Amino acid sequence: MLLDLDALQAMDAIDRKGSFARAAEELGRVPSAITYLIRKLEGDLDVLLFDRRGHKAKLTPAGHELLSEGRHLLYAASELQRRVRRVGDGWEVELRIALDTIISMDTMFDLVAQFYEQGPGTRIRLLTEVLSGTWEALLSGRADLAIGTFSSTPGDTGMASGYQSRLLGEGELVFAVAPSHPLADAREPLTPEVIRRHRAVAVADTARNLPAVTIGLLGGQDVLTVPTMQAKVAAQVAGLGCGNVSVGHARPFIAAGLLVPKLLSESRVSGNLYYSWSTAVRGKAMKWFLSRLDDAAVRQALLP
């Protein structure tokens, strides 16, 4: 093998300390061992790595290039060793968390920051889904934990075994339109017949195999479909349509006069949301996030 981590480590120490002797002292080895490593590497690569003239060992251009890239390898090797040790202690290599777009990403980032403070070595992968897409991410194995599922089980698929769910909280919705929208000045409560005449804005269910879910749409109503709850609010602020939006997402726009809340004669203004996970994942990272989700304040903060 031409490249040896011990030799790269020796090169790094020589460059930082300025001499073979000081590098040997830092690494706890005799100078002759350091000299052997470097000479062997130079022989294997057939290139001079250090200019040994003068009192200080200096990298040649070839040596500089090798060490510049070699330090990435040293860091990667160190990270790998640390990660392997942590996995041996029960931490997952990676934990994948699917979030419905109704979930507060700021709160989720706070949780991830707290998790990193534990020094777990577990990589966190966050992905966003909508409606049935959160359950599908679990069932397909793309996620280990899903936050913001709209049901405690994945519908009538018969695949609930191997998964658990707990109540996250109540997702409150408010029907809102832009001040310029025709419904802004319409008499309340709005009836389905009146609403049906106007375009709705809907967030697309990201499920591809599970049955798609829609909330608040009326038969025969024109629909503008957008990818996220944030996009839905923006579209309604722009006057492109009407519909129910998360109270937390809508509140600042209502306060600023950019959205007008409207009362409905028939409306489902809230619904339970859950967090669900695969029971096959039993590592410390999953246990940490589940323990934080046991906190009512955390659950409330995740629902903006």
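Structure summary
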| read-out | value |
| --- | --- |
| From the options 243, 248, 220, residue that is within 30 Å of the chain's Cα centre (by Cα) and on the phi > 0 side of the Ramachandran plot | 243 |
| Complete set of residues in the stretch 85-103 that are open to solvent by 20 Å² or more (accessible area, probe 1.4 Å) and modelled with pLDDT under 95 | 85, 86, 87, 88, 89, 90, 91, 92, 93, 94 |
| In the stretch 43-57, residue least open to solvent (accessible area, probe 1.4 Å) [restricted to those that are modelled with pLDDT under 90 and touching a strand residue (DSSP E or B) at 6+ places or on another chain (Cβ under 9 Å)] | 57 |
| Every residue from the stretch 242-293 that is assigned to a loop (DSSP other than H, G, I, E, B), more than 26 Å from residue 227 (Cα to Cα) and either among the small types (Gly, Ala, Ser) or in contact with a His (Cβ under 6 Å, 6 or more places away or on another chain) (or both) | 265, 280, 283 |
| Residue count, the stretch 236-257 (criterion: closer than 22 Å to residue 197 by Cα and either of a type in the set (Gly, Ala, Ser) or open to solvent by 60 Å² or more (accessible area, probe 1.4 Å) (or both)) | 5 |
| One residue from 125, 166, 142, 71 being free of Cβ contacts under 8 Å to residues at least 40 places away in the same chain and surrounded by fewer than 20 Cβ atoms within 10 Å (Cβ to Cβ) | 125 |
| Residue match in the stretch 200-210 (condition: among the acidic types (Asp, Glu) and open to solvent by less than 80 Å² (accessible area, probe 1.4 Å)) | yes |
| Residues (under 42 Å from the mean Cα position of the chain (by Cα), of a type in the set (A, V, I, L, M, F, W, C) and either crowded, with 18+ Cβ neighbours inside 10 Å or part of a loop (DSSP other than H, G, I, E, B) (or both)) located in the stretch 1-40 | 1, 2, 3, 7, 8, 10, 11, 13, 14, 23, 27 |
| All positions within the stretch 258-285 that are closer than 17 Å to residue 171 by Cα, open to solvent by less than 70 Å² (accessible area, probe 1.4 Å) and modelled with pLDDT under 90 | 267, 270, 271 |
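The values are calculated or read from the model by the stated rules, or taken from the named source; none is laboratory data. Treat the numbers as computed from the prediction; the structure is a model and nothing was measured. Neighbour counts are summed over all protein chains in view; Cβ atoms, including those assigned to glycine, are modelled from backbone coordinates with ideal geometry. Please note that ligands, DNA and RNA were not included when accessible areas were found on the heavy atoms of the full protein model with its side chains. Shrake-Rupley method; radii C 1.70, N 1.55, O 1.52, S 1.80 Å.
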